[in-house]
Every structure is written in C-alpha cells, then in structure tokens.
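Structure, as structure tokens:
The values are calculated or read from the model by the stated rules, or taken from the named source; none is laboratory data. Keep in mind that this is a model prediction, so the values were computed, not measured. Neighbour counts run over all protein chains shown; Cβ positions are idealised from the backbone, glycine included. Ligands, DNA and RNA are excluded from the accessible area calculation, which covers all protein heavy atoms including side chains. Shrake-Rupley method; radii C 1.70, N 1.55, O 1.52, S 1.80 Å.
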Amino acid sequence: MVSGPAGPSASVVPFPPRVPLQIGFDRMELQRILDLYGRMVAAGLWRDYAMDFDKDAAHFSAFRRAAERPQARVEKRPALRGKQGMWTLFGEAGQILKRGHELANVLSPLERKLLKVVED
C-alpha cells in the first residue's frame, strides 16, 4: 500500500506473461493420433513412432521401420493458430501434405490410405 494525498492506494503489478517451456498434445489430440497409429500398425504399415516436444512445436512421427525417415509426421505449432492452422501433416520426403485448424481434417489423407489398404 502506498499513501498519497487522497489516502492509501494500491498499485497493481501484472505478472509477466507465462510462456510454456514446451508445446505438447492434450489428451484428446494424443488419443486421436494414437488411435490412427494403432490402426496403421494393425494394417502392417507402421511399426514405430516418436514424439518430440520443444518450445515452438510438438511432433508425432510414424515409421515404417526403425532407424529410417518417418513415413508421416504430424506437427502442432500453436503460433500458426490464427494464420493457416496449427496442424501440419508432413510426408516422407518432408513435403507438406495438409495444413489446417482441425486435427481430424489434417489426418484425413492418412485415414484414406488406411481405407485403401482395407479395401484391397
């Protein structure tokens, strides 16, 4: 409390903005991704996965075999939420396959690939 000519007054000091140390997936997002991963494993397309979390983005990579480039990589980058969407699907060569605001829409090319395997 600070005393002034009109009496005691309080000064409010705002807390510094809270910057996350790392970006992660919430429970529903991770459940959706792991559900797709499980179905791809059952179809014999994927065998391994890796997750990477840093201060800018979270990545889920799926591999056909261990010790090779990921066949697919899903990236969550919240800084792009207001622009082109925070979700990005990358292909095996690193090309962007799909971007969007909704995880389900970004995973749809992988879902279609799974349907083609089942139909054959």
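Values as computed for the structure displayed
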{"read-out": "Residue-averaged [θ]222 nm for the chain, counting only DSSP H segments that reach four residues, each worth -39500 (n - 2.57)", "value": "-9000 deg cm²/dmol"}
{"read-out": "Given (1) -0.87, -1.05; (2) -0.81, -0.95; (3) -1.01, -1.08, the label whose value is log10 I(q)/I(0) by the Debye sum over Cα atoms at q = 0.17, 0.19 Å⁻¹ derived from this model", "value": "(1)"}
{"read-out": "Accessible surface of ARG65 - all protein chains present, 1.4 Å probe, nearest 10 Å²", "value": "130"}
{"read-out": "For the stretch 78-90, Karplus couplings with θ = phi - 60° (6.51, -1.76, 1.60), whole Hz, Gly/Pro x", "value": "x, 4, 9, 3, x, 9, 9, x, 7, 9, 9, 10, 9"}
{"read-out": "3J(HN,Hα) from dihedral phi, the stretch 51-62, Karplus parametrisation 6.51/-1.76/1.60, rounded to Hz, x for glycine, proline", "value": "10, 9, 10, 9, 6, 9, 7, 10, 10, 10, 10, 10"}
{"read-out": "Number of Lys pairs (Cα under 24 Å; 8 or more positions apart or on different chains) in the stretch 35-120", "value": "8"}
{"read-out": "Rough spin-label spacing in nm, given labels placed 7 Å along Cα→Cβ, for ASP56 and ILE96", "value": "1.4"}
{"read-out": "Sequence ranges 50-57, 73-80, ranked by mean other-Cβ count within 10 angstrom, highest first", "value": "73-80, 50-57"}
{"read-out": "For the stretch 35-120, with +1 on Lys and Arg beta carbons and -1 on Asp and Glu, the positive-most of MET51, GLY85, ASN105 along the dipole", "value": "GLY85"}
{"read-out": "Ranked order, GLU111, GLU102, GLU92 - accessible area, probe 1.4 Å, largest first", "value": "GLU102, GLU92, GLU111"}
{"read-out": "GNM top mover of LEU34, LEU21, LEU89 - the chain, alpha-carbon springs below 10 Å", "value": "LEU21"}
